[in-house]
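The values are calculated or read from the model by the stated rules, or taken from the named source; none is laboratory data. All of these numbers come straight from a predicted model, not from anything done at the bench. Cβ placement follows ideal geometry from the backbone for every residue including glycine, while neighbour counts extend to all protein chains displayed.
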Amino acid sequence: MISVRLPYAFGGRSGYDELRSPSNASWLDFLVERLTPKIALACLIVWILSPPDIVSAGTLSRINALTLDDVADDAVVTPPPVLLVTNADGPEGYALTAGLAARRGAVAAAVAALNSTKARALAAMGVDVRLQGAPPQPTLFAGVDAAFILAPLTADREERGQELIAAAASVPNALLLSVVGADLPNVPPSLSAYAALERNFSRRALGSRVLRTAFYQQNLLLWAESVRTSRELLLPSVLRSGLAALHQDDVIQVVTNLTAAPSDSTTGRSGVGERCPHALDDSADCRILRLTGPQALGGAAYADALTRSVGSAISFVAATRERVASLLRGTGQLDESEVQLLLDLLALQSGHPPSDDIKLVTGADATPVSDFFDENARAFRPVNPYRRRDDLRQR
């Protein structure tokens, strides 16, 4: 087997792609199909004059050096398929769309208003911003290879989500963002919408993936001001049994992998995830992935991780639902339906075991909450971090 490293530059990123010949038997085909004439001729001469083990070791490094300018002039980079994210100017959609734009490029964003602050920010990132419309029309997905369907977090999420699923019917590869626990019986009203969306989505004739996400680690930023002033992490008492909170970067990487190839939602991993129970027949290409953090931690463990990140002792306080609701309302960042949604997610997902679906898709472990706290230590750090130094030493 022979490999050649080719430089590339795309979307502000640069590096090297490695081209490998499948075998010596198909080496000539590889030269004809993948390499420019100058490089192909140089590689062919060396291959004829040298044994394969020599070629694969040091000789090609000299070819790389001799032909680097030729490669830079002639190499062609194929961009990834176009991915459209719906409700991209919502609080959840904006973070995921911005991350996807940075990670994979070739992103389109469906927004409620073209002149909104978030829509303009996405456009500045090079995102193709489109008006979503109410109801959205199939033309919204024109020229799109994959769709990432996010229903809004507002109380009408089921109705708006069903409209998006219908409009995206002809998109060959579609992903639906849902939540862990949506399949359980007697889910609260704030989460029943996701179960209804899953049932409809799984009946698509084309490729489908349902991404059931756990409570986001990023949601914990809603507690940051309270932690700064009280040095207490006020969480529902149900979290004593553990929560495997999910980092949004892991969702971004999963979506990047699942939309890497045109009309292929699996990138070679069709067996990952459980079968959609509502698919029309066994041939329907529909899978459900559970995306969680790597560990189910209790409230005290979250406080300990935060303590290590901020360098000041933070205590876990097991609080009633209403007390936590009051804290969330006090942030001024959520409407009542969003407050209830977060509280229902915490109650429903507490005690759920973590999943390894992120590693099966990306090849990497899910991000631990300690990394999130390290990234955001300044937001949580108490106003006077030295006030309780003795307490911290004891812990």
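Total residues in region 316-353 satisfying the condition of being modelled with pLDDT under 95, outside any helix (DSSP H, G or I) and surrounded by 20 or more Cβ atoms within 10 Å (Cβ to Cβ): the figure is 1. Just one of the listed residues (Leu206, Leu184) is farther than 28 Å from Pro354 by Cβ, surrounded by fewer than 20 Cβ atoms within 10 Å (Cβ to Cβ) and in contact (Cβ under 8 Å) with a residue 40 or more places away in the chain, namely Leu206.
Among residues of region 125-151 that are touching a residue at least 12 places away in the same chain (Cβ under 8 Å), those with a Cβ under 8 angstrom from a residue that is aromatic (Phe, Trp, Tyr) and not in a loop (DSSP other than H, G, I, E, B), sequence gap 6+ or separate chain, pair up as Ala147/Phe141; Ile149/Phe201; Ala151/Tyr194. Report, by residue number, each residue of region 201-229 that is in contact with a strand residue (DSSP E or B) (Cβ under 8 Å, 6 or more places away or on another chain) and more than 16 Å from Ala151 (Cβ to Cβ). Leu206, Gly207, Ala214, Phe215, Gln217, Trp223, Ser226, Val227, listed by residue number. Can you find even one residue in region 207-217 that is closer than 18 Å to Asp304 by Cα and outside any loop (DSSP other than H, G, I, E, B)? Yes - at least one qualifying residue is present in region 207-217. Quick check, is Pro185 more than 23 Å from Gln248 (Cβ to Cβ) and touching a Ser or Thr at 6+ places or on another chain (Cβ under 8 Å)? No; evaluated as a whole, the condition is false for this residue. Scanning region 128-162 for residues that are crowded, with 19+ Cβ neighbours inside 10 Å and among the acidic types (Asp, Glu) turns up just one, Asp145. Screening Ala146, Ala142 for residues that are among the aliphatic types (A, V, I, L, M) and under 20 Å from the mean Cα position of the chain (by Cα) leaves exactly one candidate, Ala146.
Considering only residues that are free of Cβ contacts under 8 Å to residues at least 24 places away in the same chain and either aromatic (Phe, Trp, Tyr) or in contact with a Lys or Arg (Cβ under 8 Å, 6 or more places away or on another chain) (or both), which ones fall in region 338-378?
If we filter region 338-378 for residues that are free of Cβ contacts under 8 Å to residues at least 24 places away in the same chain, which is where we start, we get 339, 356, 359, 363, 375, 378.
Once the filter is applied, which keeps residues that are free of Cβ contacts under 8 Å to residues at least 24 places away in the same chain and either aromatic (Phe, Trp, Tyr) or in contact with a Lys or Arg (Cβ under 8 Å, 6 or more places away or on another chain) (or both), region 338-378 yields only Val339.
No other residue among Ala313, Ala364 is closer than 16 Å to Leu233 by Cβ and outside any strand (DSSP E or B) apart from Ala313.
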